[in-house]
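Asker: Questions regarding the structure given below will be posed in turn.
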Amino acid sequence: MAEIHRSACPLNCWDNCGFLVTVENEKILKIEGDPSHPITKGNICGRGRMLEWRTNSPERLVYPLKKVNGVFKQISWNQALDEIAVKLREIKEECGSTAILHSHDYANNGILKNVDQRFFNCYGGVTEVVGSLCWGSGIEAQKWDFGNAISHEPDDIFNSRNIIVWGRNAARTNMHFYQKLVEAKKRGAKVYVIDPIFNATAKMADEYISILPGMDGILAVGIMKEIVRLGLKDRNFIQHFTIGYEDLVQLISTISLEEISEITEVPIDVISRLAKVYGERPTSTFMGLGLQRYENGGNTIRLIDALVAVSGNIGIPGGGANYANIQVGQSFSLEELTLPNRRENYRQFPIMKQAEEVLKTTNPGIQMIIVTCGNPLTQVPDSNVVKEAFSSVSTLVVVEQFMTDTAKMADYVLPTVTSFEEEDLYYSSMYHHYVNYGPKLVDPPGEAKSDLWIWTQLANRLGFGEDFHYTRDQWLKMCLKTLEEKGFILEKLKEQYTLDLPIKKVPWDNQKFQTPSGKYEFTSNQGKLKLSLPAESKWSNKELFKKYPYSLLTIHPLRSNHSQNYHLLQPEPFVKVEVAQNIAERLNLNEGDEVRVWNDRGDITGIVYIMKKSHSNTINIDEGIWRKFGGSVNSLTSSKQSDNGLGSTLYDCLVNIKKQMNCR
Ligand SMILES: Nc1nc2c(c(=O)[nH]1)N[C@H]1C(S)=C(S)[C@@H](COP(=O)(O)OP(=O)(O)OC[C@H]3O[C@@H](n4cnc5c(=O)[nH]c(N)nc54)[C@H](O)[C@@H]3O)O[C@H]1N2
Ligand SMILES: Nc1nc2c(c(=O)[nH]1)N[C@H]1C(S)=C(S)[C@@H](COP(=O)(O)OP(=O)(O)OC[C@H]3O[C@@H](n4cnc5c(=O)[nH]c(N)nc54)[C@H](O)[C@@H]3O)O[C@H]1N2
Ligand code: SF4
Ligand SMILES: [Mo]
């Protein structure tokens, strides 16, 4: 008989939805939204529904595999784990433990997914990846300005008079925020979307502002100039709760509104109108992560934060510089779980530069890469270099559910479970403050095992098994240690399936910031605000712009979470090259034409679609597509780091495009 169980979405996403999962005869039949979830209220997206297929797919990896003479052979778990353990022991003895690179991302929001870090720390410490392809420069920027990157609770949007959606593709990537936007608009709020692409969120907005990619910080300067000129600044907030305002005043005097309009390609009257919108408090700003994947990304977020501060929209209901909500992740006792003090030695590579570092670093050189919760061959920038680096090491181990581009390159592939096959807690530090519980609902197919089981088995073989001998409840309680003191207990979460964390709902309402000065810092110890440009633009690199006159964005796909769903889609996916109308006109491109897009790093071919209202000279190819379907688009992107060091510059990318001759 079919039974319906409550559960949760494990995907790396803003929304962290509650699920109702139908199970019959030990099989997942259907995934729907849980109407009782306080935020996600029964609505989920196709990526969530497709987890049924991710679990039941005949393409699932179900046995450990070893590559012998270029061909994968099924082996036993004992053989796989024994051989990997021997290598780990030998490498540590001969070269030191940092000759191992742990390459990972955050493909699964389960808290126990962090146990891999405990394993590597207890092993002695390895080479770790630091920074983030995703949101790194924005988080760092908000830490400089506010001391932390935290957002208003979702329903606070109903207190806003105006809502600015700045570089967040809400209708596609953050559906419950989008639903709240629609509701807020119905209740009378005005919605403004600033984005180079006229996306589905722009369609519902009161006004769409199109901008040259990477120039948002300069636009924020223009808006601040107008706020000051029109006498709309919040004198009281600036005087009592901030430092460094004089530096900001000096900075905005170095550029004219005409210059700003020319650089950003936003008309002066629009800039002026936005100043009035900010002055008409409360105005909330919802920044997306698209904004900061540029070399100037940190400074861009800082200038937008400054705009929110100058206009007096910080610490008030309906306001806020909403970017991420890392107080969610910070609530857990992750150090209890990961044991960073157990490292005897460690080394760090910036995540975007991991491949270059593998190729050039010595003493010790990387002897082995272990990949968890990531698909670096498609997701890490400059993927031709990633391929070279990952083929250069003697042993590549990939823990996976499917034969991805990265898994294909591995020497050992270890099959892991999906979220319905193990128990975990799911949280996302991107949007809301609820944690969800996901019980184990079915057994895994074949010999697939949980990541936790794999680390435990390897730890047993390497002599630190006692650090892994806990029950699931004990593991989960370990993560909740500090929260339990505040009455947030596992038993209650298991009973209710979702609980809200005891965290700030309107950040900075007491005007006490977590910065060194305790104030909002226009000027931080880390540096002053600047007028900075992306690395690849007509204003910053004229030579490059002559060769490559178009900006390439590679935004998140509608129907896939990064690379996780492409192989499950019908009809089979292909590379869609979306071009601005002016490019189509200039190059005489029609929808359906095959084109080649290239730069010095690589090239890709795909089929033309025309974006009728988007910013001139902009191209988009959604990220995540596998090699067998024509990817990866990351063969074009740059591995440069952002200005504050922790972020990627994935969207800071100039390319050229050409119609392919039909030689068939
Ligand atoms: N469907 C779907 N949803 C997802 C994901 C997914 O893969 N698929 N991934 C999840 C993850 S991990 C993340 S990080 C989030 C990301 O969520 P978002 O931040 O919404 O996603 P992005 O695709 O990075 O792009 C956001 C928007 O930024 C715009 N943009 C790019 N450059 C600029 C610029 O210079 N200025 C301005 N103003 N806008 C710019 C893009 O055109 C796009 O509309 O989405 C999550 N949700
Ligand atoms: N060009 C371009 N590149 C991008 C981006 C972009 O906007 N443009 N976005 C960047 C962003 S925001 C992000 S967050 C990254 C995401 O990069 P990744 O996290 O690497 O991408 P995913 O495709 O989500 O997942 C990687 C793999 O993890 C596996 N996996 C899922 N669950 C588990 C599990 O429980 N255990 C293990 N061991 N594996 C599991 C999946 O099968 C999948 O193959 O990509 C970045 N790359
Ligand atoms: S991918 Fe995001 S929106 Fe879709 S079901 Fe999962 S958490 Fe919800
Ligand atoms: Mo991300």
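The values are calculated or read from the model by the stated rules, or taken from the named source; none is laboratory data. This one's a predicted model, so the numbers in the text were calculated from it and none came from an experiment. Please note: Cβ atoms are built from the backbone with ideal geometry, for glycine as well, and neighbour counts cover all protein chains shown. All accessible areas refer to the heavy atoms of the entire protein, side chains included, with ligands and DNA or RNA removed. Shrake-Rupley method; radii C 1.70, N 1.55, O 1.52, S 1.80 Å.
Asker: Rounded, prolate or oblate: which one fits region 1-59, using the alpha carbon gyration tensor with axes a ≥ b ≥ c (rounded when a/c is under 1.5, else prolate when a/b beats b/c, else oblate)?
Answerer: Numbers: a/c = 2.72, a/b = 1.31, b/c = 2.07.
Oblate.
Asker: Next question, about the same structure. From the backbone phi of region 474-486, what are the Karplus-calculated ³J(HN,Hα) couplings (6.51 cos²θ - 1.76 cosθ + 1.60, θ = phi - 60°) in whole Hz, Gly and Pro given as x?
Answerer: 5, 4, 5, 5, 4, 6, 9, 3, 6, 5, 4, 4, 9
Asker: Straight-line reach only, C-alpha to C-alpha below 16 angstrom: list the aspartates and glutamates that Lys486 could link to, leaving out same-chain residues fewer than 8 apart.
Answerer: Asp500
Asker: A follow-up question, please. Order Glu491, Glu447, Glu262, most accessible first, counting only protein heavy atoms with a 1.4 angstrom probe.
Answerer: On the way: Glu491 90, Glu447 70, Glu262 115 Å².
Listed by decreasing accessible area, they come as Glu262, Glu491, Glu447.
Asker: Let me make sure I get this right: for region 60-112, a, b and c are the square roots of the gyration tensor eigenvalues over alpha carbons, sorted descending. Under 1.5 in a/c it's rounded, otherwise prolate if a/b > b/c, else oblate. Which is it? Don't jump to the answer; show the numbers that get you there.
Answerer: Numbers: a/c = 1.93, a/b = 1.04, b/c = 1.86.
Since a/c reaches 1.5 but b/c is at least a/b, the shape of region 60-112 is classed as oblate.
Asker: Given H placed on each backbone N at 1.01 Å, which residues far from Leu232 in sequence or on other chains put an amide H within less than 5 Å of it?
Answerer: For Leu232, whose amide H was placed from the backbone, there are no distant partners under 5 Å.
Asker: Taking only C-alpha pairs under 8 Å that are 6+ residues apart, what is the relative contact order of the chain in percent? Kindly include the intermediate steps, with their values, before the conclusion.
Answerer: Details: 1534 pairs, mean separation 138.7, N = 664.
Dividing the mean separation by the residue count of the chain yields 21 percent.
Asker: Based on DSSP H runs of at least 4 residues, each adding -39500 (n - 2.57), what is the mean residue ellipticity at 222 nm of the chain after dividing by all its residues, to the nearest 500 deg cm²/dmol? Numbers along the way, then the final one.
Answerer: Working: 26 runs with 211 residues, N = 664.
So the calculated ellipticity at 222 nm is -8500 deg cm²/dmol.
Asker: Quick one: Cα centre-to-centre distance for region 200-214 and region 63-83, in angstrom?
Answerer: Centre-to-centre (Cα) distance: 51 Å.
Asker: Relative to the longest principal Cα axis of the chain, at what angle does helix 136-145 sit, 0 to 90 degrees, rounded to 10?
Answerer: Its long axis makes an angle of about 50 degrees.
Asker: Can you give me the solvent accessible area of Ser253 with a 1.4 Å probe, rounded to the nearest 10 Å²?
Answerer: We get 80 Å² for Ser253.
Asker: Related question: Could you tell me what percent of the accessible area of the chain is made up of carbon and sulfur, with a 1.4 Å probe and every protein chain present? Display every interim value, and only then the final one.
Answerer: Numbers: 11810 of 24750 Å².
Reported share for carbon and sulfur atoms: 48 percent.
Asker: Leaving out same-chain residues fewer than 8 places away, which aspartates and glutamates sit with a Cα under 13 Å from that of Lys190?
Answerer: Straight-line reach from Lys190, under 13 Å: Asp206, Glu207, Glu280.
Asker: I've got another one for you. Only Cα pairs under 8 Å and at least 6 apart count here; give the relative contact order of region 136-323 as a rounded whole percent. Numbers along the way, then the final one.
Answerer: Working: 327 pairs, mean separation 64.6, N = 188.
Reported relative contact order: 34 percent.
Asker: Compare Phe158, Phe574 by solvent-accessible area with a 1.4 Å probe and give them largest first, with all protein chains kept in place. Let's see the in-between values first.
Answerer: Details: Phe158 60, Phe574 100 Å².
Largest accessible area first, the list is Phe574, Phe158.
Asker: I've got another one for you. If you take the charge dipole of region 136-323 about its Cα centre, with +1 on Lys and Arg Cβ and -1 on Asp and Glu Cβ, which of Ala189, Tyr245, Val277 is farthest toward its positive end?
Answerer: Ala189
Asker: Can you tally the net charge around Ala184? Count Lys and Arg as +1, Asp and Glu as -1, for every other residue whose Cβ sits under 13 Å from the Cβ of Ala184.
Answerer: On the way: positive: Arg161, Lys180, Lys185, Lys186, Arg187, Lys190; negative: Asp155, Asp156, Glu183, Asp206.
Summing Lys/Arg as +1 and Asp/Glu as -1 gives +2.
Asker: Please turn the phi angles of region 259-268 into ³J(HN,Hα) values with the Karplus equation 6.51 cos²θ - 1.76 cosθ + 1.60 (θ = phi - 60°), one per residue in order, whole Hz, x for glycine and proline.
Answerer: 5, 4, 5, 5, 6, 7, 6, 10, x, 4
Asker: Which whole-number percent gives the relative contact order of region 3-56, counting Cα pairs below 8 Å spaced six or more residues apart? Before the final figure, lay out the partial values.
Answerer: Working: 95 pairs, mean separation 15.0, N = 54.
It rounds to 28 percent for region 3-56.
Asker: Note the angle between two axes, namely the Cα long axis of helix 77-95 and the longest principal axis of the Cα atoms of the chain, as a number of degrees from 0 to 90, rounded to the nearest 10.
Answerer: Helix 77-95 sits roughly 70 degrees off the main axis of the chain.
Asker: Post the alpha-carbon centroid distance, region 496-554 to region 242-304, in whole angstrom.
Answerer: If you average the Cα positions of each part, the centres end up 11 Å apart.
Asker: To continue, here is another question. Report ³J(HN,Hα) in whole Hz for each residue of region 439-453, in order, from the Karplus equation J = 6.51 cos²θ - 1.76 cosθ + 1.60 where θ = phi - 60°; Gly and Pro get x.
Answerer: Here the 3J(HN,Hα) series is x, 6, 10, 9, 7, x, x, x, 10, 4, 10, 5, 3, 4, 4 Hz.
Asker: Also, I was wondering about something else. Need one number: % antiparallel among DSSP beta bridges in the chain, to the nearest 5. Write out the running numbers ahead of the final one.
Answerer: Details: 41 of 87 bridges.
Bridges in the chain that DSSP calls antiparallel: roughly 45 percent.
Asker: Shifting gears a bit: What figure in square angstrom, to the nearest 10, would you give for the accessible area of Lys504 with a 1.4 Å probe?
Answerer: The accessible area comes out at roughly 80 Å².
Asker: Accessible area per residue of region 346-493 at 1.4 Å probe, in Å²?
Answerer: Value for region 346-493: 32 Å² per residue.
Asker: Per residue, what accessible area does region 136-323 have, given a 1.4 Å probe and all protein chains present, in Å²? Don't skip to the end; give the middle numbers.
Answerer: Values: 5600 Å² over 188 residues.
Roughly 30 Å² per residue, with all protein chains present.
Asker: To the nearest 10 Å², what's His469's accessible area with a 1.4 Å probe?
Answerer: That residue has around 120 Å² of solvent-accessible surface.
Asker: So, one more: Helix 297-310 sits at what angle to the longest principal axis of the chain, using alpha carbons and giving 0 to 90 degrees rounded to 10?
Answerer: 50 degrees
Asker: Then there's this: With a 1.4 Å probe and every protein chain left in place, work out the accessible area per residue of region 542-659 in Å², rounded to a whole number.
Answerer: Details: 4720 Å² over 118 residues.
Result: 40 Å² of accessible area for each residue.
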